[in-house]
Amino acid sequence: PYDVLIVGGGPAGAAAAVYAARKGIRTGVAAERFGGQVNDTLAIENYISVLETDGPKFAAALEAHTRAYDVDIMNLQRADKLVPAAEPGGLIEVQLANGGTLKSKTVILSTGARWRNVNVPGEAEYKNKGVAYCPHCDGPLFKGKRVSVIGGGNSGVEAAIDLAGIVQHVTLIEFADQLKADAVLVNKLKSLPNVTIHTNAQTTEITGADGKVNGLKYKDRATNVEHTVALEGVFVQIGLVPNTEWLKGTVELSRFGEIIVDAHGRTNLPGVFAAGDCTTVPFKQIVIAAGEGSKAALSAFDHLIRMPVV
Ligand code: FAD
């Protein structure tokens, strides 16, 4: 069995693996796709000490750093089920989609999250070419330009307020007939001079030319009239979904499906820790996921050295 088994090989999982392996304990990582979300990222300009890199380079560096240690990397392996230890101090099982079972004294869950798509023509085609999902990451790329934010919940309205301070103009598009964000955020948004809000508006297409976004089409749901907004960027803010469906009923999750962790990265199950975008830790960023992964590995080690000698 492993001392530490990490499920998920994004920044959180890779950091956890390096920290665990440096303690000289048996460490494994099972990941559906090593590297995680950074594989789909273009420019990364906010990983501290790295002025600028790109996603594939960053993913390759994560893997190289992990492989520099004695870590079993099981790539292209999806976990299907977590079976808690039968008795205190017993082994925890992770069942894989391929039918195999991995056993470990401690487990770190770092399965990340995925942005919900609007699924309109142009979204996939112009992803990273004007279509973005993370205002903290990509906001500065649109400095002085016109953007739209799709989604009027808390994340959409927060994104619109954030972007309004950087870009020339923000058009917020909400499907429902009113914004669902907290009143304090909505009031703040409405006070900004360079923001236009359209409610009851259904995004129908993201248009582009020469490989770049140049507009967004929406239908006014009251009149059925279609409108076009000329712009350079579209931020899709209709939800970040944690990859925790497979944990329902075993580990305690928040109402958003995030794994509930304490300040040490501990879940409600003894010996099971979690880190990164799949958890309740706020702000989904690479540097935060990496920090949380390191923390979870140190907590797992702390747990191991306290296990009774058998
Ligand atoms: P992830 O990166 O999501 O990794 C999850 C891992 O778990 C993957 O290996 C996945 O394959 C695996 N996995 C999932 N389910 C299972 C399962 N059932 N069994 C086994 N493995 C599983 N952040 C920044 O700080 N700066 C940026 O510039 C930036 N740009 C971004 C641009 C885009 C387009 C996107 C999508 C995100 C961006 N982010 C950026 C956010 C950043 O990528 C995430 O915060 C970070 O990757 C989270 O790391 P993680 O390890 O928690 O999860």
(message) I'm checking my understanding of the structure. Among residues of the stretch 244-271 that are within 20 Å of Arg78 (Cα to Cα) and small (Gly, Ala, Ser), which one is farthest from the chain's Cα centre (by Cα)?
(response) Gly249
(message) I'd like to know if the stretch 165-183 contains one or more residues that are within 16 Å of the ligand (Cβ to nearest atom) and either crowded, with 22+ Cβ neighbours inside 10 Å or modelled with pLDDT of 95 or more (or both).
(response) yes
(request) Could you list all residues from the stretch 120-136 that are open to solvent by 50 Å² or more (accessible area, probe 1.4 Å), in contact (Cβ under 8 Å) with a residue 60 or more places away in the chain and either touching a Leu at 6+ places or on another chain (Cβ under 6 Å) or within 13 Å of the ligand (Cβ to nearest atom) (or both)? (result) Lys127, Asn128, Lys129, His136
(message) out of contact with any Cys (no Cβ under 9 Å at 6 or more places or on another chain) and free of Cβ contacts under 8 Å to residues at least 60 places away in the same chain: which single residue out of Gly233, Gly211, Gly249, Gly239 fits that description?
(response) Gly249
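Can you tell me which residue among Leu298, Leu269 is out of contact with any Pro (no Cβ under 8 Å at 6 or more places or on another chain), over 27 Å from Asn154 (Cβ atoms) and either open to solvent by 30 Å² or more (accessible area, probe 1.4 Å) or not in a strand (DSSP E or B) (or both)? Can you show your working first?
Numbers: Leu269 fails: out of contact with any Pro (no Cβ under 8 Å at 6 or more places or on another chain).
From the options Leu298, Leu269, the qualifying one is Leu298.
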(message) When you scan the stretch 228-245, do you find a residue that is at pLDDT 95 or above, touching a strand residue (DSSP E or B) at 6+ places or on another chain (Cβ under 6 Å), outside any strand (DSSP E or B) and among the aromatic types (Phe, Trp, Tyr), even just one?
(response) no
(message) I need the full set of residues from the stretch 60-88 which are more than 9 Å from the ligand (Cβ to nearest atom) and small (Gly, Ala, Ser), in order please.
(response) Ala60, Ala61, Ala64, Ala68, Ala85, Ala86
(message) Just to be sure I understand, how many residues within the stretch 13-49 are without any contact (Cβ under 8 Å) to a residue 24 or more places away in the chain and either in a helix (DSSP H, G or I) or open to solvent by less than 60 Å² (accessible area, probe 1.4 Å) (or both)?
(response) 1
(request) Only one of these is within 25 Å of Glu125 (Cβ to Cβ) and small (Gly, Ala, Ser): Gly208, Gly276. Name it. (result) Gly208
(message) Any residue in the stretch 287-305 that is closer than 15 Å to Gly36 by Cα sitting within a Cβ distance under 8 Å of a residue that is away from the ligand (no atom under 12 Å from the Cβ)? List the pairs, counting only those 6 or more apart or interchain.
(response) Gly293/Tyr19
(message) Here's a check for you: in the stretch 282-295, which residue that is more than 9 Å from the ligand (Cβ to nearest atom) and buried (at least 18 other Cβ atoms within 10 Å of the Cβ) is farthest from Glu252 (Cα to Cα)?
(response) Ser294
(request) Could you tell me which residue of the stretch 24-57 is farthest from Thr111 (Cα to Cα), considering only residues that are of a type in the set (S, T, N, Q) and more than 6 Å from the ligand (Cβ to nearest atom)? (result) Ser49
(request) Output the residues belonging to the stretch 194-223 that are over 28 Å from the mean Cα position of the chain (by Cα) and hydrophobic (A, V, I, L, M, F, W, C). (result) Ala209, Ala222
(message) Being farther than 24 Å from Ala16 by Cα, in contact with a strand residue (DSSP E or B) (Cβ under 8 Å, 6 or more places away or on another chain) and open to solvent by 10 Å² or more (accessible area, probe 1.4 Å): is that true of Ser155 here?
(response) yes
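The values are calculated or read from the model by the stated rules, or taken from the named source; none is laboratory data. Everything numeric here is computed off the predicted structure, so don't read it as measured data. Cβ atoms come from the backbone with ideal geometry, glycine included; neighbour counts cover every protein chain shown. Just so you know, the surface numbers come from the protein's heavy atoms only, side chains and all, with ligands and any DNA or RNA stripped out. Shrake-Rupley method; radii C 1.70, N 1.55, O 1.52, S 1.80 Å.
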